[in-house]
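Q: This is the structure I want to talk about, given as structure tokens.
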Amino acid sequence: MKRITLFLCLVLSGAPVFAADFGLVLDNLSGWSSFDEEPQLQRDRATAWFSTPLGANFDLHASLRLEYRLTPEPSWFGSSSFGIDVGRLELMAIYPGNPDHPLTWSFGGGRFNYAFLGENIFTGRLDGFKAKIDVGRATYRFALGYLGLMPKEDTRTLLSADDVADYNDEAIFFAPPRLIAEATIMLPELFARQDFSFGFGSQFDLRGWTSEAPSELVHTQYLSFVLGGSLGRNIFQKAHLDMGIGELGEGLFVMAAAGYAVSLFMPELARARLELLIEYASGNTGFLSIWRPISERQMGFVYNVSFADCLSGTLDASFTPLKSLTAGVKGSLFLRTSMEALQDTSFDTASTASYLGTEADLYAIFKPSSDLSISASSGVFLPAAGLSYLPDASPRWLVSATVTLSL
Amino acid sequence: MKRTAWTILFTFAAALGAFAQSNEAMDQILAANALQCGKAAYLLLVASDNIAEDAGDARSFDLLRELGWIGNKATAETPITISEYAYVLMRAFGMKGGLLYSLLPGPRYAFRELVDRGVIQGRVDPADRLSGQRAMHILGRVLDIEEAGG
């Protein structure tokens, strides 16, 4: 307790005690929803961080977070509502130190944030190594990491029946023991002001290497292509295609995901931004199998079904009437691509309709100063009652607010 | 790199309105590997119209001390840290900071503010010394922000 008080005193005093930058980020998330299993959300987190260059070529970043949740989840302290976790612990080497050099490379290890080129595949933290080489305008990137020491809530890795069982087992805290790797090449402005990138990602279930006997092993490989850039003054586009091949027991399966977004910026009209996004993730149709990413994401802000077997269209309009305030409205429409039943309450398993429902969200971000931000989101999902959902399926809603203060 | 330095030099000279007189002082600042507190004081106080351009390093530093914008241990010859430079810069130009800067004004939160605004860029530690060229780059970005209306 004395140490925590001392740290807070040091942070608040603003005294340059260490030859490094350090601080504390406090954030609070409160939410209310119509979900039966978790009608009230409450998460408070304190993240102490430290960052320093070590000589001309090394950087060290570290953070430790203490978290409280209203609903107790498995944590370091058992079933307590409190949890403690290493947020980031990363040592980076950068050569040469001058970023203007035509050839620079960086190599790092530890716990760090990483996103696969295909954002539908993996976004989260990794324990492992990463490297990046910039040659002229091209960037080559490589990462290798292990997920098995990460809190399972963070990675949401649900590739196999064992993963799902472990995820639902409250006695298990960590994500499944999986090894993931990715290599990416990014070529900016390859043609017609368009950036082109492609990457290859892999995921291996290590349960087969341990004494644990899995009921099924799922290994997956992904190939991603991304093309994006300016289409004209204030108009931008981004298209991505992710293809995957997986190994499930003795058999192989093929899957795909894709998306296209076009954004229009109108700086003269309260810095308005209009974006149309169309996304697809395969279901079990024809030669394709259901999309299995390494880290799952949900379809919408309220619609909390995993993004798979889906075709969605979203129109997002936002504007910035004040320098410190951005507000927006978003509407999404969801269709399924196969006739397989979704794992969702009130879903009509006998239905043959494709239309799943519509979601409308409102959001606002208020950042009155560099160290304080307040964001609020609310949304309602209207299931296709009488079509793919049972006639008595009710609308779902979610309201949440986050306050973040950086000391 | 050279071109950028010259662009900033001209921007600075224009702000002073007297390129010829400040030329020598500018040469010394640009040549400095670790900018001293006195030179930083001169650069920032002249650029922000807080002191006349013929003031020199010593007088500029004395004013900085009088205003309480620099620590008591610093002398005109001490190399200035990037966080100290950020604090003097924010005070000299009357820049508003974040909540914590308003409550506890000082180098720590001034540094954070300028990193957040993209004024201080790249790999940097608050305790780092800064070269004259880097100091000019940082000042140039603040002048751009001021020109754009804060």
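Just so you know, all these numbers are worked out from the coordinates, no wet-lab data involved. Values in this document were obtained by computation on a predicted structure and should not be read as measured data. Don't worry about glycine lacking a Cβ; one is built from the backbone with ideal geometry, like all the others, and counts go over all protein chains shown.
Q: Where in chain A lies the longest segment free of chymotrypsin sites (Phe, Trp or Tyr not before Pro) that are both loop residues by DSSP (not H, G, I, E, B) and have at most 12 other Cβ atoms within 10 Å? Before the final figure, lay out each step's value.
A: Values: sites that count: A:Trp76, A:Phe77, A:Phe287.
Counting at most 12 other Cβ atoms within 10 Å as exposed, the longest clean stretch of chain A is A:78-286.
Q: Dipole size in debye (nearest 20) for region A:23-91 around its Cα centre, Lys and Arg Cβ +1, Asp and Glu Cβ -1?
A: That gives a dipole near 240 debye.
Q: Longer than 25 Å from Cα to Cα, which of A:Lys152/A:Lys330; A:Lys130/A:Lys152; A:Lys367/B:Lys39 are they? Say none if no pair is. Could the numbers behind the result be given before it?
A: On the way: A:Lys152/A:Lys330 29 Å; A:Lys130/A:Lys152 22 Å; A:Lys367/B:Lys39 35 Å.
Flagged as over cut-off: A:Lys152/A:Lys330; A:Lys367/B:Lys39.
Q: Within 10 Å of each candidate Cβ there may be at most 16 other Cβ atoms; applying that plus a DSSP loop requirement, which trypsin sites (Lys or Arg not before Pro) in region A:292-365 survive? The partial results should precede the final answer.
A: Working: sites: A:Arg297, A:Lys323, A:Lys330, A:Arg336; in loops: A:Arg297, A:Lys323, A:Arg336.
Taking region A:292-365 and a limit of 16 other Cβ atoms within 10 Å, the loop trypsin sites (Lys or Arg not before Pro) found are A:Arg297, A:Lys323.
Q: Which is farthest toward the positive dipole end of region A:94-249 among A:Phe112, A:Ala183, A:Phe196, measuring Cα position about the Cα centre, with Cβ charges +1 (Lys, Arg) and -1 (Asp, Glu)?
A: A:Phe196
Q: I've got another one for you. Using a simple charge model, +1 on the beta-carbon of Lys and Arg, -1 on the beta-carbon of Asp and Glu, nothing else, what dipole does chain A show about its Cα centre, in debye to the nearest 20?
A: On the way: 29 positive and 44 negative charges, 296 e Å.
With only Lys, Arg, Asp and Glu charged at Cβ, the dipole is about 1420 debye.
Q: Provide Rg and Dmax in Å for region A:345-394, with only Cα atoms included in the calculation.
A: Cα-based Rg and Dmax for region A:345-394 come out at 17.3, 53 Å.
Q: Right, another one. Could you tell me which of A:Tyr355, A:Ser388, A:Ala327 has its Cα farthest along the dipole of region A:320-407 towards the positive end, charges placed at Cβ (Lys, Arg +1; Asp, Glu -1), taken about the Cα centre?
A: A:Ala327
Q: DSSP loop (so not H, G, I, E, B), at most 12 other Cβ within 10 Å: list which GluC sites (Glu not before Pro) in region A:147-183 pass both filters.
A: Numbers: sites: A:Glu153, A:Glu170, A:Glu182; in loops: A:Glu170.
Passing both the DSSP loop test and the Cβ count: A:Glu170.
Q: To continue, here is another question. Using alpha carbons only, how many angstrom separate the centre of region A:358-407 from the centre of region A:295-344?
A: 11
Q: What dipole magnitude, in Debye to the nearest 20, does region B:2-147 give about its Cα centre under +1 on Lys/Arg Cβ and -1 on Asp/Glu Cβ? Could the numbers behind the result be given before it?
A: Working: 15 positive and 17 negative charges, 102 e Å.
Dipole of region B:2-147, to the nearest 20 debye: 480 debye.
Q: I'd like to know which of B:Ala52, A:Leu159, B:Val142 lies farthest towards the positive end of the charge dipole of the protein assembly as shown, counting +1 on Cβ of Lys and Arg and -1 on Cβ of Asp and Glu.
A: Of B:Ala52, A:Leu159, B:Val142, it is B:Ala52.
Q: With 23 Å as the cut-off, how large is the P(r) tail for region B:2-147, expressed as percent of Cα-Cα pairs? Before the final figure, lay out the partial values.
A: Values: 2842 of 10585 pairs.
So the pairs more than 23 Å apart make up 27 percent of the total in region B:2-147.
Q: Per Stokes-Einstein, at 20 °C and 1.002 mPa s, what whole-number D in µm² s⁻¹ belongs to region A:23-91, with the Kirkwood radius over Cα pairs as the hydrodynamic radius? Display every interim value, and only then the final one.
A: On the way: Rh = 13.8 Å.
So the translational diffusion coefficient is about 155 µm²/s.
Q: Restricting things to Cα coordinates, could you compute the convex hull volume per residue of region B:90-150 in Å³? List each step's numbers first, then the result.
A: Numbers: hull volume 5.3 nm³, N = 61.
Residue-normalised Cα hull volume stands at 87 Å³.
Q: How many percent of Cα pairs in chain A exceed 26 Å?
A: Roughly 63 percent, rounded to a whole number.
Q: I would also like to ask the following. What trypsin sites (Lys or Arg not before Pro) in region A:155-220 are in a loop by DSSP, with at most 16 other Cβ atoms within 10 Å of the Cβ? If you can, show how the numbers build up before the last one.
A: Values: sites: A:Arg156, A:Arg178, A:Arg193, A:Arg207; in loops: A:Arg156, A:Arg193.
Sparse-neighbourhood loop trypsin sites (Lys or Arg not before Pro): A:Arg193.
Q: Taking a cut-off of 17 Å, what percent of all Cα-Cα pairs in region A:227-306 are separated by more than that?
A: 61
Q: Considering every residue in A:28-39, what mean count of other chain Cβ atoms within 10 Å of its Cβ is obtained?
A: Numbers: counts 0, 0, 0, 0, 0, 0, 0, 0, 0, 0, 0, 0.
Counting other chains' Cβ atoms within 10 Å and averaging over A:28-39 gives 0.
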